[in-house]
Each structure stands twice: as C-alpha cells, then as structure tokens.
Amino acid sequence: MWHTQGSGKTALSFFLTRYLRDYYQAKNRVARFFFIVDRLDLADQAKGEFEARGAVVALANSKEEFARSLKGIGDDTNVVSAERVPFITVVNIQKFDEGAVATDFDYDLDVQRVYFIDEAHRDYKRGGAFLTNLVTSDREAVRIALTGTPLVNTKDGRNDTKQVFGPYVHKYFYNQSIADGYTLKLLREPVKIEFRLKMQEVLRDLKEVKKLVDMEKVYAHKSYVDPLCDYIVDDYLKSQIALGDESIGAMVVAHSSAQARAIYARLAELDPDVSTELVINGETEARHRLDSELILHDEGTKETRRAICDNFKKDDSPINILVVYNMLLTGFDAHRLKKLYLCRTIKAHNLLQALTRVNRPYKDMAFGYVVDFADITEEYDKTNRAYLTELTEELGDATKDYSSLFEDPATIKADLAKIKDLLFSYTTDNMVEFKAEINAIDDKAVLYDLRAALARYKDLRNVVKQQGYEELYDKFDVGRVCEMLGEVSLRIQAINNKEALALQDMSTGAVNLLLSKMEFRFRNIGSEELEVADEFQNKPKRTYESFAHNFDAKDPEYVNLLEELRSRFEKVNIEEMTSADMAESVKELDSLRGKMEDLNRRNAALAKKYGGDEKFARAHKQAMRTPPPLTTSPTTMFSILSSVKQGADEAVMSNRNMLGNAPYFAKQVRRLVAVACKDAGVKYSLVQVKSVAEYISKEYIDERGRAA
C-alpha cells in the first residue's frame, strides 16, 4: 500500500485488524496480528498509537519473546482477550531469525497470522536476510507492506518495493492526502540573498585562509555555524510572529554529526537562561537550555532521547528546536513541527521522508515550511518525477491531476485571481452592505464556495507577505477578510439551524446532530424581545436533549412524540419569529419535553430491573407489544427474559466467537426462550419463541458491532 507520509498507515493497520478479525472469524479461524518495524523508536511509537485507539499491544523485546509469540506461548495468547479488542504484537524486523518459525498454535485453533510491514522501502531486498526470515517465519502468513515512499528505479530494478512485495494494493498520493486534510502543502522558503553572499565569503575564507580542505570541518567550523544559527533563530522567531503561534517547533537537519553538535552548542549560547525539568523513566531530571535539543544516535541514552522526543511532541513543550543529523527524519510525527531547516541535500525517497516531517495538520495552519540552505531543488524534482512516472504506469492519464508537495508562486497567483473574481460580486469595502448581501443568500453551496475562497485568501495573503511576493496581490485588509469569513460562517450556521428545526429527518442521529448546531441568531428582533428570545434559545436544546436520551428508537410512543415535535416545528422560520411566536413555542416545547422525560424515566426503571442492560429493556417492551405476546404480565415476562439473559450472557462470555455465527447464536437463544417459558409455566408457539429470540440475538450482535 503506497500511502503518502502522514496519511495514517498505523491507523489503517488498526482498523484492518478489526476487519480481518471478523473476516477470519466467519471462516472459523483466529487471526493473529504482527506490526513489523525496523527501529526501536518506531516500535514504541506504534505501540503508543495502537494503545491510544484501544488495542491490546505486546512489544516483543527479544528474539525469544517474539519466537514465543509466534508459537502462541505466554499470556499474550489469551484468546478471549484477543477477541474482545484488537490484539497486536509489535516487533522489530531484527527479531526475525532462523529460530523464529511459527508452529501449530498451543490451543486447538486454526490460526491465520497477518504481518503489517511498516516502512517497507527500507531494509528489504530480494535474497536479504530480513526478507528471507520474514517469509520463512510463516509461509502461510498474509503480508501487507506499507510505505509512503516506495523504492523506484533502483540500479537493477530487482529491489524496487513493487518487485519485492508485489503490485500496489492501493495508492494515495500527496494531492489526495492534502485535499482530504490529512496532510499539508509545503512552502520552500527562500534564503535571503545577502545571507547566501555572506556564507560564500565565509566558505572562501575557511578554504583559502584557514586552509581547510575537509568540508565536514568547514561546515562545522564556528565561523560557518555561528551566522547559520543566527539566521535560523531570527527566522524562527519571525515565523512565530508571522504565524501567530509561539508553540510551533522546528528541526535543523545538519550536514554532519559534527555540525549538529556545533549548531546545538551555538543555539545553547544564544539563550542560556532557560531551564526546566524532564521526566525520564519516572524520575525528574533537571535540564538546561531546553529551547533546543540534540538528537544523535551516540548522544545521551536511548531513554533520554525518547523522553526528549515525547516532550517535543506536546503542544506546550519548552523545546523549540531539535537538532539532528540522520535520526528522526523518518517515522517521527510531531504535529507542532512546522519549520524544517535543511543544511544538507538528502537523496531520493529519504528526502521526501524528511520533508514530510512538517506536513502534519496543526491548529489552523495551511502549510509546513522548509528553509532550504542546501538547494534541494534538483534532487527533489528528480525524485518527484520518478514517482510521477511510477504513478503514470499505474494510473495512466489520471496522473495529470497529481502535483508537487510544494506550493509555488504560479499557483498562488492563479488562486488569488480566482478569489478576486469570486469576490467581485460582493461589497467588500463596506461590512454593513456585505452582511446584508450575505444574509439574503439561502443557497449553502454558494456560501460554502465563498467561505472556502475567503479562508484560502487569508492563508495565501500571509504566505505572499511572508515570502515577499508583494506583487502578487492588490492591497486588501486581512482583518476585514477575517470579519467577512465570520459573517459567512454565521450565515451558514443560521441556515443549518433553520433546516434542523424543520425536523424533516428526526432520527436519533438527526437529534444528536441538531444539538451540535443549536446557536440561533434572530434577524427581526427588538430589544424588548430579547428576554423571550433568550428563553426560546434554551428550550429547543433542552427538549432535543430529552429526545436524544431515549434508547429505544423503535418504541411507538417515542416515534409518536418525535412526529409531534416534527409536525409542530417543521414550518418554523427562526429569523422571522416574533416574541409571541416564541412564547407559544416555549409552551409547546415544555409539554413535549415533559412527555419525553416521563418516557425516559420509565425506560430507565425497566433497564434497572435488568441490571442496567438496555438491550433487554428494549426486548421486554418489544415482546410485550408483539401480538400475540407470550404473556400480558410484565412480571412473568421479566422472569422469562431474566432467565434468557443469564443463559445468553454465560454463553457469550465462554465463547465470544459465537456472536460471529449469527444463525447458530439465534438457535441457542431460541432454546433458552423455550426453556424459560416452560419453567414459567407459559404456553408458547414456535412463531412467538422465534420472534423473541431473533430480536434478542440481534441485540447482542448489534452491541458487539458497536463495541468493535
């Protein structure tokens, strides 16, 4: 699966575990899932992401632990636990060796192992030990390779990712991910000409005067590093101001580990008074100069590096800048990381991996920013062309819709022209007239287009100002744009409120949606009516909340109340209501809310008799109203269903797989209903038993689906 960096490959793997678990359950097989990484820090990161989504995760910390996991030895093979929630073993590819070979599962079960191979563009090649051990560990395993930057055009083509793992199952490139809001476009920020000229003089002096011939020593020299750091700090602080957010983080990708150390030392000198505390392995350690941190493979301990990275990811982190050489350029996800300072050229797919460290959405920011000291243009264009060629082979003419990661001045200019044409129809220099024009529009599609144009203009105006492209736009007040954007959004909200109050689709889901949209604005209202209006704004929300608390959407009493609510208010026009209209509506809403709250009270009391189990409260009501009922006595019905509940709960707890076979489970419930009727002395027909049993079994299966 070729999915661009930041689009959610770990999340995809999590949801696939649930889908594949159910798929194999239907075939009477138990699925075991393994998420394979090639770095220890990625193993920890994957474990955290899976656990955050509710999975149970085992981290194989040694070859022995992994071998035991493959063979089903240990607590992690608790099948009951694994069936309730997704269970995943995270393992480093280095743990695969000749001894890691799957055998029959310890339990008498038919097992299907599924391997998710993360970052499949690395460490895998035909004939290589990692790939060989992976395949031989279980030749019947399903192997799903995941990459955002597949290897293409390798020297002999044999080790291209597609050749190693087979054809692409699915492709999800930059433009799709950006359009869907999962990742951001990047802006390559030009380095100021005067700085480039200054650094050329520095390089000349180091080579000719100081006679340095080793370029690593040149780039790590204080005469080179000091002005570089001064530029970075100045640019970073200005970016905080321009973007209006002091929480953004930055990463400096150094030319070498020696330069990285020199940069870190210089950054520490620039702000020596900052100190804070960092928690490492549960212990608090005093840290100084935490405005910047150095991450190298031979700097500090693994635990310290991990604590620094975890701290940096927090929105309120005291760490502003990470200084790296090779580490954190792949797999490191920190949404606040918005500035990347490239001090060296990175090749091919590794370049795209590094660039996409800053493409994660963060707050309302529209771009990630790359300051290019190394001039990556040629290498980036070469790599991007290779990927577009690969896509063309897969997609044909559809590739014409694919684009670069980077925003460019030509696109900005074209978008600004379109926006100005769209705004031409409105009075943009007078907010009173603009508001009147907007409030006269009832077509939400027109308003959505206008809102998108204003939001895009706001983003682009900041960009062109920041980038120095002043000639690309006419003078236009950004503050006014924000005010206009607010008015358009409020108009859309007002139309949503009118549509919601019309109650043309008052399902439970629609009620919940309505609650999130209740924020009324009244166009025709005087100061003397404000008190009534305030009361009216509160009443609908309280009424709808009482409807939303109902847990039996098929109850005829609920359906009738919902229809009464809909019929009374479907013709209401919020914007045209008078105080008399509102006062009358308040009375009607109070009456309906009272009836609904009484129904909710009775439902809650019935559920309490079944130990709070709402599905049996629904089953009780359904069985009592289905003609002819098993019994007209609620006490007798409770006796029958309580017995069925006890038997069904015990059956499900002892074998969760039972719910994966709906016909079999329904048959078991029919038997429980028949036995309970006999014990209660109730005569029954097969039709009655089947009707009650099918309803109850469906409740169990639906409950399992919601939990999953």
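Quick look at the numbers
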| read-out | value |
| --- | --- |
| Segment 358-378, residues that are among the charged types (D, E, K, R), buried (at least 16 other Cβ atoms within 10 Å of the Cβ) and either under 25 Å from Phe195 (Cβ atoms) or in contact with a helix residue (DSSP H, G or I) (Cβ under 9 Å, 6 or more places away or on another chain) (or both) | Asp372 |
| Qualifying residue in segment 651-668 (condition: at pLDDT 90 or above, among the hydrophobic types (A, V, I, L, M, F, W, C) and within 24 Å of Ala26 (Cα to Cα)) | no |
| Met596 open to solvent by less than 40 Å² (accessible area, probe 1.4 Å) and closer than 25 Å to Val687 by Cβ | no |
| Enumeration of residues in segment 245-260 that are out of contact with any Phe, Trp or Tyr (no Cβ under 8 Å at 6 or more places or on another chain) and in contact (Cβ under 8 Å) with a residue 60 or more places away in the chain | Asp245, Ser247 |
| Asp123 being at pLDDT below 75, part of a loop (DSSP other than H, G, I, E, B), touching a helix residue (DSSP H, G or I) at 6+ places or on another chain (Cβ under 6 Å) and not basic (Lys, Arg) | yes |
| Filtered residue count, segment 253-305, keeping only those that are modelled with pLDDT of 85 or more, part of a helix (DSSP H, G or I) and surrounded by 14 or more Cβ atoms within 10 Å (Cβ to Cβ) | 14 |
| Scope segment 571-593; condition surrounded by 15 or more Cβ atoms within 10 Å (Cβ to Cβ) and modelled with pLDDT of 85 or more; matching residues | Leu592, Arg593 |
| Single residue of segment 47-56 satisfying the filter (at pLDDT 85 or above and of a type in the set (A, V, I, L, M, F, W, C)) that is surrounded by the most Cβ atoms within 10 Å (Cβ to Cβ) | Phe50 |
| Tally, over segment 200-210, of residues that are assigned to a helix (DSSP H, G or I) and exposed (fewer than 13 other Cβ atoms within 10 Å of the Cβ) | 4 |
| Any hit, segment 211-231, residues being open to solvent by 30 Å² or more (accessible area, probe 1.4 Å), among the aliphatic types (A, V, I, L, M) and outside any helix (DSSP H, G or I) | yes |
| Selection within segment 599-611 - open to solvent by 50 Å² or more (accessible area, probe 1.4 Å) and either acidic (Asp, Glu) or outside any helix (DSSP H, G or I) (or both) | Gly611 |
| Qualifying residue in segment 171-183 (condition: of a type in the set (Phe, Trp, Tyr), under 25 Å from Leu351 (Cβ atoms) and open to solvent by 70 Å² or more (accessible area, probe 1.4 Å)) | yes |
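Condition check ((1) acidic (Asp, Glu); (2) at pLDDT 70 or above) across all residues:
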{"residue": "Ala445", "(1), (2)": "no, yes"}
{"residue": "Arg451", "(1), (2)": "no, yes"}
{"residue": "Glu470", "(1), (2)": "yes, no"}
{"residue": "Lys475", "(1), (2)": "no, no"}
{"residue": "Leu490", "(1), (2)": "no, yes"}
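The values are calculated or read from the model by the stated rules, or taken from the named source; none is laboratory data. Since we're looking at a predicted model, the values are computed, not measured. All Cβ positions, even for glycine, are placed from backbone atoms using ideal geometry, and neighbour counts span all protein chains on display. Accessible surface areas use protein heavy atoms only, side chains included; no ligands, DNA or RNA. Shrake-Rupley method; radii C 1.70, N 1.55, O 1.52, S 1.80 Å.
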